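Take a look at the structure below.
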Ligand code: MRU
């Protein structure tokens, strides 16, 4: 954390290596892990030292550079063949967040398109990773501000419910869903955040609550099963969540429990928003049915700390993400503006127009 601004940057290029905030140790310890090698970056992504779709993308981009730096070949083709292997190792870490694959593809494309010596390609790869990092920060700030245009106008200040952590820790900084929260708080429109604890990894209780406390944003942590009750009591004005992968029709994969939150939002007529960068949209998938869903180890369910909480003989199923159908989503807030799911293709056109 930058002590002057309270800004949190989970992935920092520093002294020829990458410093990652160890998110597995928050909120009790604020510690960094230094990553010097691509293999260690792959392990950090897999073990969730760094997590959250955009942050995983930024980390993987630096991982690609670290891998490039380790390659001893001076011949361009040999270098590119070895770089493909680094890409494969990083791709195999987590399957759902598309930003991982997006960042790796962008780094590979840069390597293939750069003419020059192997040393020159390596240097351009480091610059590209830094650009991906800086762009994500700007993107999140833009998402936050576009969110202001679609949040409901209520006589009283807003209370927003969010799920998992889609904050600074899950991005290059500022956050997507929590970026909207931050912007609303800055503008005096937000009074409180409700954070679902987010079983089984507790990103809401541990990370979202920590970020809000750092920033002085009032936060109330609830267990996931309390959301419908809070809505019925009139405590929630809007729900804003992040995304790991959005299909072309707007179906959205996000942390397990997001789908049920969208259903209870609909039942209570509460607007449900997804906030995500365009790099999270996978236009190659027409709908959410083909989004790969990560299944994680059963210990995350049957064990809390060192205590086993279930009887011997029980079986477990631990999908880490679910897919919310587009019809439950009021708008997808991107750096290019907010779009109804059915209009998502326009965000791509706007992006293409910006690049041209
Ligand atoms: O398993 P995690 O902690 O990587 O899952 C994170 C989420 O589901 C986030 O909501 C998502 O990546 C959006 S982060 C801006």
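Quick note: the coordinates plus some simple rules give every number you see, no bench work behind them. Note that this is a predicted model, so its numbers are computed, not measured. Ideal geometry is used to build each Cβ from the backbone, glycine not excepted, and the neighbour counts take in all protein chains shown.
Data for the structure
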| quantity | calculated |
| --- | --- |
| Rounded if a/c under 1.5, otherwise prolate or oblate - the stretch 170-212, Cα gyration tensor axes | oblate |
| From the C-alpha gyration tensor of the stretch 201-284, square roots of 5λ in Å | 23, 18, 11 |
| Residue 28 versus residue 304: modelled label distance in nm, points set 7 Å from Cα along the beta carbon direction | 1.5 nm |
| Hull shadow area, averaged, the stretch 155-233 [alpha-carbon convex hull, nm²] | 5.1 nm² |
| In degrees, nearest ten, helix 344-355 long axis to first principal axis of the chain (Cα) | 40 degrees |
| Alpha-carbon centroids, the stretch 187-245 and the stretch 119-150: separation in whole Å | 26 Å |
| Burial ordering of 240, 181, fewest other beta-carbon atoms within 10 Å first | 240, 181 |
| Degrees separating the helix 53-70 axis from the principal Cα axis of the chain, which is the longest one | 10 degrees |
| Rounded to 10°, Cα long-axis angle of helix 98-113 versus longest principal axis of the chain | 20 degrees |
| Euclidean distance of C-alpha centroids, the stretch 282-349 and the stretch 42-80, integer Å | 24 Å |
| Ranking of 9, 112, 62 by count of other Cβ atoms within 10 Å, fewest first | 112, 9, 62 |
| Whole-Å semi-axes of the stretch 11-139's equivalent ellipsoid (Cα gyration tensor) | 24, 14, 14 |
| The stretch 32-74 shape via C-alpha gyration tensor axes, a/c threshold 1.5 | prolate |
| Antiparallel %, DSSP beta bridges [both residues in the chain], to 5 | 50 percent |
| Global form of the stretch 145-355, assessed from the alpha-carbon gyration tensor, a/c cut-off 1.5 | oblate |
| Percent of C-alpha pairs per 20 Å bin, the chain, short to long | 31, 58, 11, 0 |
| Directionally averaged projected area (convex hull, Cα atoms, the stretch 251-312), nm² | 7.1 nm² |
